[in-house]
Structure formats: C-alpha cells, structure tokens
Amino acid sequence: MDNSSCLAFVDKVTLTEWIAIFAILANAIMAYWIVQTIQKNINNRRVLKDHFISEIKEIRTDYYKWLEYFYSKKFSPREVIPIFKLLSIKVNNCLDVVGETYSIEENCLSPFVLDLPEIITESEAFTSNFSKNTSTTLDNEARHKLIKFQQEHNKVFNKIIVGINNK
C-alpha cells in the first residue's frame, strides 16, 4: 500500500466510523486494564491466604510436635510453661489478623492455648516433679486425656484453613 491509498482510506472514513473505531480501541484498552487489575487483586488475595494457611499449618505442626514429645519422652516440668507461652503468643498474633480478615473466631484455638497446657501441668507427674524440676513422663491418665484432647480438637486447624479458603 502506498501513501496515496492510505490517505484515500482516511478520507473515505466518516466521522461515525471514526467514533466507532475509537470506541472499540477505548473498550479494548479499558478491558485490558480491568483484567490486569482484577488478576492482580486475585493474585494478592491468594498470596495472603496462602501465607495465613501456612501460618496455621506451622502452628498445628508445633502443637503436634510438642504433644508427641510430652506424650512419649521425658521432660523437665519447668520447660513446659515457656513452650506453651511461646505457642500462645504465636496463636494470638496469627488469629488476631486471621480472625479480623477472614471472619474466623479469634478464640477457636483456645483449647490449645488453655486446656492443653492444663492437662499437662495438672498431671500428677508434672506437679510432683515441678519444684525439683526432675525429668518425668506423663502418667497414663494424662496420656489418655491427651489422646481424647486430640480426638476432640485436632479438626479445628482444618476448619480454620477451610474458613480462610472460603473467604
């Protein structure tokens, strides 16, 4: 195509056709911008959800690790309280944001923060060896309570993960 035929084309296009061409271009640019913005928002939300899900999984792993440790190993009673304090801080920090962002009950892990330490610290083995800080193992009654606790409460972590994913 030479320059004269291009100019002839431009001269033949009416004002209405130019408006239609510009409208198509404007719509295409706007559609591209909207798709990019929405995709970015979707990606940002997914990344945030994945971060919080990974935090919940990490908390679950920490609790499982310590439950297994207290259930099967000798431990010093005085090491128990700082462990549960650190876990409690981790839970509260995470659930403050998760609860607000995804409308999840902030106290949904309270059995792990309150009841679980109580099972261990009120066991006979713990109380009788605390002052001397003698290594001990949990008695059968405390072990039974730990198993029952896990049966009743381990599903909470999955419920939190599902709750995050569904929002």
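Considering the range 92-121 alone, what residues qualify as being in contact (Cβ under 8 Å) with a residue 12 or more places away in the chain, out of contact with any helix residue (DSSP H, G or I) (no Cβ under 7 Å at 6 or more places or on another chain) and within 14 Å of I59 (Cα to Cα)?
Scanning the range 92-121 gives N92, L95.
Among the numbered conditions (1) surrounded by fewer than 12 Cβ atoms within 10 Å (Cβ to Cβ); (2) in contact with a Lys or Arg (Cβ under 9 Å, 6 or more places away or on another chain); (3) farther than 26 Å from H51 by Cβ, tell me where S135 comes up short.
(1)
Does Y69 satisfy the condition of being closer than 26 Å to I161 by Cα, more than 21 Å from the chain's Cα centre (by Cα) and surrounded by 12 or more Cβ atoms within 10 Å (Cβ to Cβ)?
When the stated conditions are applied, Y69 passes them.
Quick test for you: out of Y32, Y102, Y71, pick the one residue that is touching a Lys or Arg at 6+ places or on another chain (Cβ under 7 Å) and at pLDDT below 90.
Among Y32, Y102, Y71, only Y71 is touching a Lys or Arg at 6+ places or on another chain (Cβ under 7 Å) and at pLDDT below 90.
Kindly provide the set of residues from the range 112-141 that are more than 30 Å from I160 (Cα to Cα) and small (G, A, S), ordered by number.
Once the filter is applied, which keeps residues that are more than 30 Å from I160 (Cα to Cα) and small (G, A, S), the range 112-141 yields A125, S128, S131, S135.
So is E124 modelled with pLDDT under 95, closer than 30 Å to I42 by Cα and exposed (fewer than 15 other Cβ atoms within 10 Å of the Cβ) or not?
No: the conditions fail for E124.
Taking the criterion of being of a type in the set (S, T, Y), surrounded by 10 or more Cβ atoms within 10 Å (Cβ to Cβ) and under 30 Å from the mean Cα position of the chain (by Cα), would at least one residue in the range 28-47 satisfy it?
Taking every residue of the range 28-47 in turn, at least one turns out to be of a type in the set (S, T, Y), surrounded by 10 or more Cβ atoms within 10 Å (Cβ to Cβ) and under 30 Å from the mean Cα position of the chain (by Cα).
Note down all Cβ pairs under 8 Å where the first residue falls in the range 70-89 and is within 13 Å of F130 (Cα to Cα), the second is crowded, with 16+ Cβ neighbours inside 10 Å and among the aromatic types (F, W, Y), and they're at least six residues apart or on different chains.
Going by the 8 Å Cβ cut-off, the qualifying pairs are P77/F126; P77/F130; R78/F130; V80/F70; V80/F126.
Cβ-Cβ distance below 7 Å, separation of 6 or more or different chains: which pairs start in the range 49-64 with a residue that is more than 16 Å from I104 (Cβ to Cβ) and end on one that is among the aromatic types (F, W, Y)?
Y63/F112
For S128, state whether it is within 22 Å of L86 (Cβ to Cβ) and over 17 Å from the mean Cα position of the chain (by Cα).
Answer is no for this residue.
Need pairs with beta-carbon distance below 7 Å; first residue farther than 10 Å from S76 by Cβ and within the range 122-136, second aliphatic (A, V, I, L, M) and part of a loop (DSSP other than H, G, I, E, B); sequence gap 6+ or separate chains.
S123/L138; A125/L138
The values are calculated or read from the model by the stated rules, or taken from the named source; none is laboratory data. Just so it is clear, the structure is predicted and the values come from calculations on it, not from any experiment. Don't worry about glycine lacking a Cβ; one is built from the backbone with ideal geometry, like all the others, and counts go over all protein chains shown.
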